[in-house]
Amino acid sequence: MNVSEPKIPTIGLDHVGFIIPDLANSHALFADLGFTLTARADHTRTNAQGQVVSAGSSQHSIMLNSGYIELMQITDPMAGHQLTPALNVRYGLHVLALATPDAGAWHAECLRRQLRVGPLLDWSRPVKTPECEGLARFCFFDTTWQAEDPSYICWVQHLTPELVRSPSLLAHPNQAQALLGVTYGGPLDGLQGWGRRLQTAGASPPDDGSGLGLWHLTDAGLTLNVDADIQTVRPMALTMSFDSLDPIVQRAQVLGLSCHSLQGTVTGCRIDLRQTCGIYLDALVSGSSA
């Protein structure tokens, strides 16, 4: 009798993360755009001696019905935070955090695929909302990363999911609903290499076999587009859905941000956040697609 191989958890998009120079300024920008943000939280980690120590970073989150966005500042460059080298390369979107219901099983699968990954880590951050208060705990691990890479890939399992999506955190004045994906741009050879890494990480390639276009996760997509004007592969746009685009467009215009129709869509809008975040925000009406 054949013994079946253990079932490997499917991979989704847990969140994306920005490394930003000033957490207060970034909080103000996204609040002005109509997002509800979590209170500032300082990351802690459990070290090899079992002690809870500072992880060297602080953050705000924008929680959504699917996925979320993390704004993170490296507050102590000497604390050994994995993303500290990013400070010497660029600010902007760095973190591509993939969701798994079983970090241990996916860690074993990555090792089976001969992917160089770090150890399983236990981190936490405090959460306080009108509905609940506690310590949000999560287990994660990452893969080898250079600050020049398109993104820092890690895999996350939330151990206290009931703490991270309180109803008050999901109520956004701009009617934001979900994180739909990230678009990367760059030269063909660079995108092909990035696509191979995404596939090893758990993403499913485009159906046409080209390695370009839409890569699939369970609840989101990663789009790879050739852009001859870009020397290296970089995240170019963050795609989100909203019940209506009017609130965020109106707020963006008040802030003097450029807004224009999103090519290839009927109702989509592209908001230029490159000066502050290094990326476009592509806004779609919930239920539509690019």
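The values are calculated or read from the model by the stated rules, or taken from the named source; none is laboratory data. Fair warning: this is a prediction, and the values are worked out from it, not measured in the lab. Glycine also receives a Cβ, built like all others from the backbone with ideal geometry; neighbour counts cover every protein chain displayed.
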>> I'd like the residue in the range 131-189 that is part of a loop (DSSP other than H, G, I, E, B) and β-branched (Val, Ile, Thr) and, out of all such residues, is surrounded by the most Cβ atoms within 10 Å (Cβ to Cβ).
In response: 164
> Is there any pair linking a residue in the range 110-131 that is assigned by TED's automatic domain parsing to the domain that holds residue 164 and over 23 Å from residue 153 (Cα atoms) to one that is assigned to a strand (DSSP E or B) and of a type in the set (A, V, I, L, M, F, W, C), with Cβ under 6 Å and at least six apart or on different chains, and which?
Replying inline: 126/41; 126/135; 127/136
> In the range 122-174, which residue that is within 29 Å of residue 50 (Cα to Cα) and of a type in the set (Asp, Glu) is farthest from the chain's Cα centre (by Cα)?
Replying inline: 133
>> Take the residues in the range 244-269 that are under 26 Å from residue 96 (Cβ atoms) and in contact (Cβ under 8 Å) with a residue 40 or more places away in the chain; name whichever of them is surrounded by the most Cβ atoms within 10 Å (Cβ to Cβ).
In response: 248
> When you look at residue 224, is it surrounded by fewer than 16 Cβ atoms within 10 Å (Cβ to Cβ), modelled with pLDDT of 95 or more and not hydroxyl-bearing (Ser, Thr, Tyr), yes or no?
Replying inline: no
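Going residue by residue through the range 97-105, is there one that turns out to be farther than 18 Å from residue 218 by Cβ and either of a type outside the set (Val, Ile, Thr) or modelled with pLDDT under 90 (or both)? Walk me through how you get there before you give the answer.
So in the range 97-105, the residues farther than 18 Å from residue 218 by Cβ come out as 104.
If we keep only those that are either of a type outside the set (Val, Ile, Thr) or modelled with pLDDT under 90 (or both) as well, we get 104.
Yes, some residue in the range 97-105 is farther than 18 Å from residue 218 by Cβ and either of a type outside the set (Val, Ile, Thr) or modelled with pLDDT under 90 (or both).
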> So which residues in the range 37-90 are surrounded by fewer than 18 Cβ atoms within 10 Å (Cβ to Cβ), closer than 30 Å to residue 243 by Cβ and more than 17 Å from the chain's Cα centre (by Cα), if there are any at all?
Replying inline: 39, 40
